[in-house]
Amino acid sequence: MATRIKQKAEALKTKRDNRPYAVAKYIRISPSKVHIVLDLIRGKNYFDAVAILDNVPKAACEPIKKVLNSAAANAEVNKGLNKDNLFVAECYADMGPTLKRVQPVSKGRAYRILKRKSHITVVLDEKKA
């Protein structure tokens, strides 16, 4: 039985994605607003993506830029890669927990306000020569 567990662990290790990535969780902005900005940087090289995030007037740009810089730092420090050769291979925003709030309206009713959160993930990869 123990040998099978070891074989499964080794199989998972070989299949594991070794690309550098970074994740920001519980960011207080709706995933639909984050997707708009992520679509702009997907597939771009690292420096172009940073330039785009600096010049786009969206609120989601700041947390995405932090995640992008963190992924680039992970690539340099942990994987020994150069920033010049990096590009955004994958980037996506998943739904986080939603805060449910109530807004009182007329006749004693209440409307629900959903304050959405998102988990932002950026995966970088090295360009093939």
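Of the residues screened, Y46 is one that is crowded, with 21+ Cβ neighbours inside 10 Å, of a type outside the set (A, V, I, L, M, F, W, C) and in contact (Cβ under 8 Å) with a residue 40 or more places away in the chain. Applying the set (1) loosely packed, with under 14 Cβ neighbours inside 10 Å; (2) part of a helix (DSSP H, G or I); (3) of a type in the set (A, V, I, L, M); (4) at pLDDT 95 or above to V23 leaves exactly one unmet item: (2). Beta carbons closer than 6 Å, at least 6 apart along the sequence or on distinct chains, pair a first residue in segment 86-112 that is touching a residue at least 40 places away in the same chain (Cβ under 8 Å) with a second that is among the acidic types (D, E) for A89/D125. Of everything in segment 1-20 that is loosely packed, with under 13 Cβ neighbours inside 10 Å and part of a loop (DSSP other than H, G, I, E, B), the residue that is farthest from the chain's Cα centre (by Cα) is M1.
Pairing residues of segment 1-30 that are under 24 Å from S70 (Cβ atoms) with residues that are part of a loop (DSSP other than H, G, I, E, B) and aliphatic (A, V, I, L, M), at Cβ distances under 8 Å and at least 6 apart in sequence or on separate chains, gives P20/L81; I29/A59; I29/A60. Exactly one residue out of P63, P97 is within 19 Å of H119 (Cα to Cα), part of a helix (DSSP H, G or I), touching a strand residue (DSSP E or B) at 6+ places or on another chain (Cβ under 8 Å) and modelled with pLDDT of 95 or more: that is P63.
The values are calculated or read from the model by the stated rules, or taken from the named source; none is laboratory data. On a predicted model such as this, the values are computed, not experimentally measured, just so you know. Don't worry about glycine lacking a Cβ; one is built from the backbone with ideal geometry, like all the others, and counts go over all protein chains shown.
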